[in-house]
Amino acid sequence: MKHIINYIVFFICAMNLNAQTAIIDRYVKEYNRKNPLTHSVIIYRDGDVLYENYFNNFDSEKLNNLKSVTKSIVSILIGIAIDKGHIESENVKVSELLPELFVGVGDKRKSEITVRDLLTMSAGFQWNNLGGKRRGGWDKSVNPSQYLIQNVPLVNNPGDKWNYNSGLSHLLSVIISRTTGMSSLEFARKYLFDPLGIKEIKWSKANDGVYKGNSELWMKPRDLLKIGMLMLNNGVWENESIVSAEWIEKSTKKYYDGFEQIGGYGYHWHTRKFGEYDSFLAAGWGGQFLIVIPALNTVVVNTSKWNALSSTYMIFDLIDKYLINGYK
């Protein structure tokens, strides 16, 4: 009798699960009939892939431009570099790691900027990440980090105010290269990508020859899911510690209010509530998302058309309406 009851419970749960995935699939397909932007949606829950599908001539073997999701992966690399002793801590001053950038700088406050200020987007520079004089000069400079330190004025004291700044993210990649003696890609392959079995990626360099810390890392959606699973599992992959749980805890806390449409901001990770559940997420232009909801043992990957004129937040609605409700 006990076995029969267990089978009935299992059968009912399976039916509910199938109904939920059918609803999710219907929602995503209907959205894309009107807005053909989605490349992939993968939902991992309780140790299994609950849902996986690809749209608009995209498939599981194609690389997707992660845009600013790159920033969150660079944050993991900084944590690994700290774990391995290449960087003392996130509280070390950038001027101590890259002193040549600060030669002749008049504003002494710049010398007080820490790695943590870069990670939390609170270094204090005048900046409009969507464009304008400062961003344009940084993009075109032969040495973007030198341009940022030497040419862009501070409008706030370091640590005082959040202002999203891709220049800070690239500076983190420069720091990884300098402190480890390896390129950011070499370091990532050795200590992050290879241990996770991530083999096929692309990553563009900035004008200084350093891999971009802010964007242009290309990855398959299933491999991006592995990054989320690593974060969900407190930095452990197949019984091997890749990055410390302490770093993940620090990285995914809210330190500042971030973008209104997303939520708070940690160490290059956004924070957001879905219903009553806390999450942390990596977000990139156009609708690139890696979302981790620890209390639900859930990871969501959503990749989209990266050269779209604006971002799509379809995945937020999907989670709120159809995924969270599955736990009520």
Item to complete: Quick one: Leu168 ticks every box in (1) modelled with pLDDT of 95 or more; (2) in a helix (DSSP H, G or I); (3) more than 17 Å from the chain's Cα centre (by Cα) except a single one, so which number is it?
Response: (3)
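Table: residues versus (1) open to solvent by 60 Å² or more (accessible area, probe 1.4 Å); (2) modelled with pLDDT of 95 or more; (3) closer than 30 Å to Asn165 by Cα.
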| site | (1), (2), (3) |
| --- | --- |
| His3 | yes, no, no |
| Phe10 | yes, no, no |
| Val49 | yes, yes, no |
| Asn56 | yes, yes, no |
| His86 | yes, yes, yes |
Item to complete: Scan (1) closer than 15 Å to Asn163 by Cα; (2) among the hydroxyl-bearing types (Ser, Thr, Tyr); (3) open to solvent by 10 Å² or more (accessible area, probe 1.4 Å) for the single condition Tyr277 breaks and write down its number.
Response: (1)
Practice prompt. Examine the range 150-163 for a residue that is open to solvent by 10 Å² or more (accessible area, probe 1.4 Å), of a type in the set (Gly, Ala, Ser) and not in a helix (DSSP H, G or I), and state whether such a residue exists.
Written response: yes
Worksheet item: Pairs under 7 Å by beta carbon, first residue of a type in the set (Ser, Thr, Tyr) in the range 202-225, partner surrounded by fewer than 17 Cβ atoms within 10 Å (Cβ to Cβ) and at pLDDT 95 or above, six or more apart or different chains?
Response: Tyr211/Lys205
Item to complete: Taking only the range 172-208 into account, find how many residues are under 13 Å from Asp139 (Cα atoms) and either part of a loop (DSSP other than H, G, I, E, B) or open to solvent by less than 10 Å² (accessible area, probe 1.4 Å) (or both).
Response: 3
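The values are calculated or read from the model by the stated rules, or taken from the named source; none is laboratory data. It should be emphasised that the depicted structure is a prediction, and the values quoted were computed from it without experimental measurement. Here the Cβ is made from the backbone with ideal geometry for all residues, glycine too, and neighbour counts use every protein chain on show. Keep in mind that these areas ignore ligands, DNA and RNA; they rest on the heavy atoms of the full protein, side chains included. Shrake-Rupley method; radii C 1.70, N 1.55, O 1.52, S 1.80 Å.
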